[in-house]
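Note sheet for the following structure.
The values are calculated or read from the model by the stated rules, or taken from the named source; none is laboratory data. As the structure is a computational prediction, the values presented were derived from the model and not from experiment. Reconstructed Cβ throughout: ideal geometry from the backbone, glycine too, with neighbour counts over all protein chains shown.
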Amino acid sequence: MRTATVSRLLAGSLAALALVGIPGTAGAADSGGPAVTDPMLHAMAKDLRTTPQQAGERLEREAEAARTEQGLKAALGKDYAGAWFDNDSGRLVVAVTDATRAGEVTSAGAAPRVVRNSLAHLNADKNRLDALADGRTVPQAVTGWYVHTVGNSVVVEVLRGHTSTEEVRRFLSEARARTGTVQVAEVDSLMRPEYNVAGGAYYSVGGKACSVGFSARGADGGKKFVTAGHCTRPGGTVYGYNGAFLGKTSGSVFGNRGDYGKVDVTSGNWTLKPWVNTWPDVRIVHGSQAQPVGASVCRSGWKSGWRCGEIIAKNRTVNYGGGVVVEGLTNTTACSSPGDSGGAHMSGGQAQGIHSGGPSSGCGALFQPLNEVLNTYNLRLVVG
């Protein structure tokens, strides 16, 4: 075997996030609180233009913000209008539609903001746009739409220079007729699902090379891993980074319900591990607490490694073209590449989602929220 091939396989072994046995010392940096030697903090520092020390402090503030967000969301009920982490102040901002409830937000340690539309109202408006797209071809230049929590609106993204074309104007006119919260934003590139037809060091199925997301167990204790639905869509036999038989696809969703799938790990040669590759180290998965808009997030995939960014929107609908419109994704600023699809998105030790796609140029990433996948398939996340 040629040296170059050996090198690729060794790199692939590190990339088998949740499946391949990696020496136990690799996760030592994840014991206790984040240490400045943790590779994840250095990756965050590079991508978010900060220091490893500041990145660690940010993760601690974000973890507290996530807990506060969940408590206030339940307490505020119909008056809750969303929340986001403000890195400049280091605080969670919580929007409310009733000014008399701002004191509850302050008492919980967050900053209140009074807005017009509740999150339920915005989600309902966004669902109306999803219904508009159902059964019709969305103009390619309309790249997607999402609830913009900070702007208290529903943003429809259009490829720059195309807002005045007839088909886009018609779509926007229909969108505005269905909801009064629509705002239009121009973007510089189209979205695409990120799989790669080239053979590679990660896992392959149906001729596509993608990335493992997270290890999980079925209700019967069976070994699984979750990944992108457009990767498992062809169905069939799955092979690992080394070309060895791994298992069979057993689920795939790629369309209006999301972008996720699962693989049954039927080979006894593969062991599930609660690890995500941080290139060249690993990050241990402790749980799946969803983080708020504004929080930092890092993603791992065999093609472009470990890259970090921030969550900028949730509940995004993206138009991948060819009649495929995917709902319910989360948008981040992390960089990604074809081949990263199916990979893991993490915030600290908390699993966030499964990589779906990104822009055709520049940085950006879309992920399928993980908890929805676990619930849909009745899976239990493998944690350490």
Only residues that are assigned to a strand (DSSP E or B), under 18 Å from Gln352 (Cα atoms) and of a type outside the set (Lys, Arg): list them for region 254-276, please.
Gly258, Asp259, Tyr260, Gly261, Trp275, Val276
The listed residue being over 25 Å from the mean Cα position of the chain (by Cα) and under 30 Å from Glu166 (Cα atoms), out of Arg136, Arg113, Arg101, Arg128
Arg136
In region 312-329, is there at least one residue being without any contact (Cβ under 8 Å) to a residue 24 or more places away in the chain and either crowded, with 22+ Cβ neighbours inside 10 Å or closer than 16 Å to Pro193 by Cβ (or both)?
yes
When residues of region 239-253 are filtered for being surrounded by fewer than 19 Cβ atoms within 10 Å (Cβ to Cβ) and part of a loop (DSSP other than H, G, I, E, B), how many remain?
3
Give Val205, Val253, Val184 a once-over and let me know the one that is under 28 Å from Val150 (Cβ atoms) and in contact with a helix residue (DSSP H, G or I) (Cβ under 8 Å, 6 or more places away or on another chain).
Val184
Out of curiosity, is Pro280 at pLDDT below 95, surrounded by fewer than 22 Cβ atoms within 10 Å (Cβ to Cβ), in contact with a helix residue (DSSP H, G or I) (Cβ under 7 Å, 6 or more places away or on another chain) and more than 17 Å from Glu62 (Cβ to Cβ)?
yes
Being more than 16 Å from Gly353 (Cβ to Cβ), part of a strand (DSSP E or B) and out of contact with any Gly (no Cβ under 9 Å at 6 or more places or on another chain) is the filter here, so list the residues in region 215-238 that pass it.
Arg217
Ala177 modelled with pLDDT of 90 or more, farther than 30 Å from Asn117 by Cα and over 23 Å from the mean Cα position of the chain (by Cα)
no
Consider only pairs whose beta carbons are under 8 Å apart and that are at least six residues apart or on different chains; among these, list those whose first residue lies in region 230-246 and is within 30 Å of Asn319 (Cβ to Cβ) and free of Cβ contacts under 8 Å to residues at least 40 places away in the same chain and whose second residue is among the aromatic types (Phe, Trp, Tyr) and surrounded by 14 or more Cβ atoms within 10 Å (Cβ to Cβ).
Arg233/Phe254; Val238/Tyr203
Considering only residues of region 205-214 that are over 13 Å from Gly343 (Cα atoms) and in a loop (DSSP other than H, G, I, E, B), which is modelled with the highest pLDDT?
Gly206
So, in region 68-106, exactly how many residues are in contact (Cβ under 8 Å) with a residue 40 or more places away in the chain, part of a helix (DSSP H, G or I) and among the acidic types (Asp, Glu)?
1
Taking region 349-384 and the residues there that are among the β-branched types (Val, Ile, Thr) and surrounded by fewer than 24 Cβ atoms within 10 Å (Cβ to Cβ), the one that is nearest to Lys223 (Cα to Cα) would be Val382
Hits in region 341-370 (condition: polar (S, T, N, Q) and either part of a strand (DSSP E or B) or under 11 Å from the mean Cα position of the chain (by Cα) (or both)):
Ser341, Ser347, Gln350, Gln352, Ser356, Gln368
Take the residues of region 338-348 that are within 14 Å of Phe214 (Cβ to Cβ) and touching a Leu at 6+ places or on another chain (Cβ under 9 Å): which is surrounded by the fewest Cβ atoms within 10 Å (Cβ to Cβ)?
Ser347
